[in-house]
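Only the coordinates and a few stated rules stand behind these numbers; no lab work does. All values reported here derive from a predicted model rather than from experimental measurement. Cβ coordinates were reconstructed from backbone atoms using ideal geometry, including for glycine residues, and neighbour counts include every protein chain displayed.
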Amino acid sequence: MLVDLELIGQFIPEFGEGIVLTLELLVISLFFGFALAMVLALFKKSTNLLLNYSSRAFIYFFRGTPFLVQIYLIYYGLGQFEAIREVQWLWFFLEKPFFCALLALVINNAAYAAEIIHNAIVTTDKGEIEAARAYGMSHWQSMRYIVIPSALRRAIPAYTNEIIFMLHATSLVSVITLLDITGIARKLYSRFYAPFEAFITAALFYLLLSILINFVAHRLEKRFNRYLKVNQ
Amino acid sequence: MVDYFIEVLKGAVLTLELFFLSLVLSVLLGLLAAFAKLSKNKVASFISQLYVTIIRGVPDLVLMLLVFYGGQIILNQFTERLGLGFWEINPLISGVLTIGFIFGAYMGETFRGAILAVDVGQLEAARAYGFSPFHVFYKITLPQMIHHGISSFTNNWLVMLKSTSIVSIIGLKDMVYIANVASSSTRKPFFFFLLVCLIFLVFTSISLKMLNKIKNSYRFE
């Protein structure tokens, strides 16, 4: 027998803290990532050239390069500069792998999510905006009450994919010594030399989390996009 | 510094090699998965569905570690039985197999969507004119598949290009691996990882230009 089921049973409890860390990283980075993404998406729509170009450059850079290299750039790269190491409160965070991983996840997520949100904003039905203006709403009022809520609803399917991608991306934090689900699997592998049991168990946890995320997102989509069915 | 700079560029060539080999494998697997999922054969469509679900639910890195370390054990048992001694798994082969296998699933979804978008009436018309099945695929389905699927294909291409970087974790000496080595010996990690980022940006930008050109030449409407 290639896979030892008893060993898998023995491994499962070991993954507890790994699951907690993976979820912690995922939830915190999605929260801050969303906030940053909103800002970036609005900057990208802005007519102010400085805001517009800086947002575009940010999105272009972080969507065009691998997440793994971004982690290295933050965790190993920033320490190269004396100026950063001298700022005590900053270095307090940046010398810890957890905060570096979090920073990398937030930035990466923001770049992708900004693109999704921007896309949803620019594809808003013209009639919705015209109606808002006809009611006497200012540009910002129509953004705040009509365009953004409508765009976020329509962004749910794409955003769900992004959340699953983020879950997968968290597995790369194991390269900077963090013990997330993948980190635990790698530790168990090297202790027991049992690659199938270690990595298949990890894979099952990820699969389960993906299914869970998809299930919740599907429910949300059904609830928030009910009104779209009527139009079709 | 200059030596390492040249080494990183050599690593970039290996990255491209890895990418194109994986691309070929993923396209072949993708076509297979797409036709299996669309076929009337229940077993084939179930296997194809399972393949896509597993790949989409599990991170690339976990799959790669499974193939690399697990594959080594299977290979050891195999060579032991044949009395061939110890064979070490090549990280390049391992990388191509894993990345090709992973993106085969994504390509499969892309191709399936593209095939479904082709009007059935046209296929029937072609068959009525006496086209062979191969001819129908080559002359009718394929050009329209490219038209419908190119955007999603481009997306897969770009994600895959970036995913090649994870093979450095199992010891393939691609540009990310070399940047790691260079960083620790020159103590200039920011410089080297930024260099790798810029090379990736060049690769992704060229790819995007090229694929957009193809997209524009396959416009019908």
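For the residue pairs B:Lys10/B:Lys213; B:Lys162/B:Lys188; B:Lys37/B:Lys209, alpha carbon separations beyond 26 Å are given by B:Lys10/B:Lys213; B:Lys37/B:Lys209. The largest-to-smallest principal axis extents of the Cα set in chain B are 68, 49, 28 Å. Within segment B:109-178, the proportion of C-alpha pairs whose separation exceeds 19 Å stands at 52%. Within the listed set B:Ala33, B:Ala182, B:Ala128, the residue fluctuating most in the Gaussian network model of chain B (springs between alpha-carbon atoms under 10 angstrom) is B:Ala128. Counting charges near B:Thr15 (Lys, Arg +1; Asp, Glu -1) among other residues having Cβ under 12 Å from its Cβ returns a value of +1. Across peptide B:187-200, the average count of Cβ atoms from other chains found within 10 Å of a residue's Cβ is 5.
I need the fraction of alpha carbon pairs in segment A:166-232 separated by more than 16 Å, rounded to a whole percent. Roughly 59 percent, once rounded to a whole number.
Within straight-line reach of A:Lys187, meaning a Cα separation under 17 Å, sit the following aspartates and glutamates at least 8 residues removed in sequence or on another chain: A:Glu14, A:Glu17, A:Glu197.
A:Arg85 sits among other residues whose Cβ lies under 15 Å from its own Cβ, and their net charge, with Lys and Arg +1 and Asp and Glu -1, is 0. In the protein assembly as shown, Rg over Rh equals 0.99, where Rg is the alpha-carbon radius of gyration and Rh the Kirkwood radius from pairwise Cα distances. When peptides A:148-155, A:109-116 are ranked by their average number of other Cβ atoms within 10 Å per residue, the highest-first order is A:109-116, A:148-155.
Axis angle, to the nearest 10 degrees, between helix B:175-186 and the longest C-alpha principal axis of chain B: 20 degrees. A simple count of charges around B:Ser45, restricted to other residues whose Cβ falls under 11 Å of its Cβ and scoring Lys, Arg +1 and Asp, Glu -1, yields +4.
Enumerate the helices in chain A for which the Kyte-Doolittle hydropathy averages -0.5 or more and the C-alpha atoms extend at least 24 Å along the helix's axis, using complete DSSP H runs.
A:16-45, A:97-122, A:195-224
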